[in-house]
Amino acid sequence: MKMTPQYIEAQRNMQPGVISLVGFLGNDARNLLEIITADEREMAALGLDFQEVAEWLKKMMQEAEKGLGEPVVFDKWEVQLFEARGFIPCPFKDGIFQKRTMQVKRLNKELTPSVSELSIHLLEKHHFLQGKGSPFRIEPRVLKELME
Ligand SMILES: [Zn+2]
């Protein structure tokens with residue numbers, strides 16, 4: 001598959017120091033489209049739908065908000081919101097998001113991925129789970145284990 005100008009620009013915006021200090025690609029040597037295509041395949045193989053995952057994460061975010069920074073136990077999960085000042089734009093330039101992040105822990109499991117409002121948007125709108133080694137990379141199999 002060929003990188004369109006939109007993807008080329010987004011990938012440039014994802015480099016460290018452009019939009020965020022660490023960037024979005026980690027130490028992944030693949031291009032943006034290769035990362036997205038591989039994750040789409042893995043999500044499908046695991047029976048995960050990007051839209052459903054995004055809705056679930058937004059619901060978790062709403063629960064986390066109730067804790068005002070303290071951990072909140074909700075059903076099988078413990079969620080905690082970490083407020084941060086300021087906003088961050090999407091590297092695809094179609095939105096701007098609060099910088100705050102949420103930690104989601106599945107009770108009795110050693111899984112505590114962090115997600116931000118931007119990473120939920122990237123997942124929902126662009127099917128982008130970030131590059132390997134990125135601190136906000138969301139692994140499909142981690143999602144599967146977290147949600148089941
Ligand atoms: Zn976007």
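Couple of notes before you dig in:
- The listed residue being at pLDDT below 95 and away from the ligand (no atom under 16 Å from the Cβ), out of LEU48, LEU81, LEU107: LEU107
- Residue match in the range 69-83 (condition: among the aliphatic types (A, V, I, L, M) and either part of a loop (DSSP other than H, G, I, E, B) or under 23 Å from PRO5 (Cβ atoms) (or both)): no
- Selection within the range 84-103 - in a loop (DSSP other than H, G, I, E, B), crowded, with 16+ Cβ neighbours inside 10 Å and either within 16 Å of the ligand (Cβ to nearest atom) or over 16 Å from the mean Cα position of the chain (by Cα) (or both): CYS90, PRO91, PHE92
- Residues being over 8 Å from the mean Cα position of the chain (by Cα) and within 16 Å of GLY26 (Cα to Cα) - total across the range 115-131: 1
- GLY23 vs. criteria within 14 Å of the chain's Cα centre (by Cα) and outside any helix (DSSP H, G or I): yes
- Failed item, numbered, when LEU25 is tested on (1) over 20 Å from TRP77 (Cα atoms); (2) out of contact with any Ser or Thr (no Cβ under 9 Å at 6 or more places or on another chain): (2)
The values are calculated or read from the model by the stated rules, or taken from the named source; none is laboratory data. None of these values were measured; they are calculated from a predicted model. Note that we place each Cβ from the backbone using ideal geometry, even for glycine, and neighbour counts take in every protein chain shown.
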